[in-house]
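The values are calculated or read from the model by the stated rules, or taken from the named source; none is laboratory data. Here the structure is a predicted model, which means the values were calculated and not measured. Every residue, glycine as well, gets a Cβ built from its backbone with ideal geometry; the counts of neighbours run over all protein chains shown.
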Amino acid sequence: MANKEKAAETGERPYLKPGYSEFIFKILIAVGIVAATTLLVLLLIFASYAFLLIFAGVLVTIFVRSLSDWVSETLRISSGWALLLTYLFLLIVIGATLWLVSSTLINQFTQLAEELPRAIEQVEETLEQFEVGRTFLRALPDPEALISSATDIAGRAAGIFSTALGFISAFLIIIFIGIYFSFDPDLYVSGFLRLIPIDKRKHAREILHNVAFVLQWWLIGRLFSMFVLGTLTGTGLWILGIPLPLALGALTGALTFIPYIGAILSYIPILLLSLSQGLNSALYALLLYLGIQSVESYLLVPIVEKKAVELPPSLTLIAQVVAGILFGIFGLILASPLTATAIVLVRILYVRNVLGDDIQATQTRKTDAKSEEGESD
């Protein structure tokens, strides 16, 4: 006992074998840290798809619970009944939509798959008539080689999500995760918080609340933009006489979930089909596209950013490129909400806690006591 007390006072380490120096001990510690870090990185790489599935399931949970909380407050009923009514409402809406437009939508998407190659050929024939057009076509990569290369990259990056069966399986897993989480989210939050030291749990809960708040408003903004842009695009194309307006509108709405890149991808089939109708149709379609994108940029996005967190376009695009390369299309889809989450974490854990800068984690919220009580229920 006396030796231990003496070692503690002098800073000696009696558990070291005789002859081991301080330098060797530090080397062993460094090797252990490097090994643990390497194992953690490898675990994150191999478990990345599982993490993305869980994160997507959390987004579903946030969406459903946002609706059920609104139903509970509006109708003044318990959260359980509100959740049940929410699921019934969603089933009715999805079922009615499929019953009303599924056959027409499937037919138009089938026609779209058939019309796009012909539209590309017509555009190429038109460009071949001009010297500038011929120069432009020669500068473009071979379409077949481009498609083959893109398919190869997507196959390596997307892994199990590179097939239709993989997408369906991933979709079902996400839905089931979202449903199970939505029934009792506090159970999973409390379980996660038990991994945090007791004196840090209150702060960890605050961080989770801020992240959930930002993701909730990000989802509201994206879904609202999807509905508005899809409806305006389909209606506008129908008025202009562009073929397959329902399919193009639905495609635009779906791709709007991916900021910036989705808007570009959705315009490509519109451009090709409108060019096949003539230059005037293409010009009108371009004006329609620019007008609709302006509605989102100057009206819809600012409304959401007042409630959530502002996502710099350059940062979002970089995140989309990196996530797309690492995880394929699935990473590209989730890059924006992951970026929003990262911004909140950096603001709280680094800017506020480390640098001491008194900033808000979100645009309008400092997690007041009333909000804390409401969200922890």
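Of the numbered conditions (1) modelled with pLDDT of 75 or more; (2) surrounded by 14 or more Cβ atoms within 10 Å (Cβ to Cβ); (3) among the hydrophobic types (A, V, I, L, M, F, W, C), LEU127 satisfies every one except a single condition; which is it?
(1)
Identify, from the list SER79, SER103, SER48, SER66, the residue that is among the polar types (S, T, N, Q) and modelled with pLDDT of 90 or more.
SER66
In the stretch 320-332, what count of residues is obtained for those that are buried (at least 21 other Cβ atoms within 10 Å of the Cβ) and either without any contact (Cβ under 8 Å) to a residue 60 or more places away in the chain or assigned to a helix (DSSP H, G or I) (or both)?
7
May I ask you to list the residues in the stretch 235-260 that are hydrophobic (A, V, I, L, M, F, W, C) and closer than 18 Å to LEU223 by Cβ?
If the condition is that a residue be hydrophobic (A, V, I, L, M, F, W, C) and closer than 18 Å to LEU223 by Cβ, then ALA250, LEU251, ALA254, LEU255, PHE257, ILE258 are the ones that fit.
Could you list, in sequence order, all residues of the stretch 58-79 that are among the hydroxyl-bearing types (Ser, Thr, Tyr) and closer than 21 Å to PHE181 by Cβ?
Hits for the stretch 58-79 are THR61, SER66, SER68, SER72, SER78, SER79.
Which one of these is among the acidic types (Asp, Glu), surrounded by fewer than 14 Cβ atoms within 10 Å (Cβ to Cβ) and modelled with pLDDT of 75 or more: GLU121, GLU144?
GLU121
Which members of the stretch 64-116 meet the condition of being outside any helix (DSSP H, G or I) and β-branched (Val, Ile, Thr)?
ILE77, the sole residue that qualifies.
Kindly evaluate LEU100 against the criterion of being among the aliphatic types (A, V, I, L, M) and surrounded by 14 or more Cβ atoms within 10 Å (Cβ to Cβ).
no
Can you tell which of ILE175, ILE207, ILE196 is out of contact with any strand residue (DSSP E or B) (no Cβ under 6 Å at 6 or more places or on another chain) and not in a helix (DSSP H, G or I)?
Only one candidate qualifies: ILE196.
Show the residue pairs that are 6+ apart or on different chains and have beta-carbon atoms under 6 Å apart, the first residue being within the stretch 101-124 and free of Cβ contacts under 8 Å to residues at least 60 places away in the same chain and at positive phi, the second being assigned to a helix (DSSP H, G or I) and surrounded by 12 or more Cβ atoms within 10 Å (Cβ to Cβ).
Matching pairs, first to second residue: none at all.
From the list ILE264, ILE242, which one is over 14 Å from the mean Cα position of the chain (by Cα) and in a helix (DSSP H, G or I)?
Sole residue among the options that is over 14 Å from the mean Cα position of the chain (by Cα) and in a helix (DSSP H, G or I): ILE264.
List the pairs whose first member sits in the stretch 80-99 and is under 17 Å from GLY178 (Cα atoms), whose second member is part of a helix (DSSP H, G or I) and among the charged types (D, E, K, R), and whose Cβ atoms are under 8 Å apart, counting only residues at least 6 apart or on separate chains?
ALA82/ASP69; LEU83/ARG65
Within the stretch 234-247, count every residue that is surrounded by 23 or more Cβ atoms within 10 Å (Cβ to Cβ) and either closer than 23 Å to LEU317 by Cα or modelled with pLDDT of 90 or more (or both).
Total meeting the criteria: 1.
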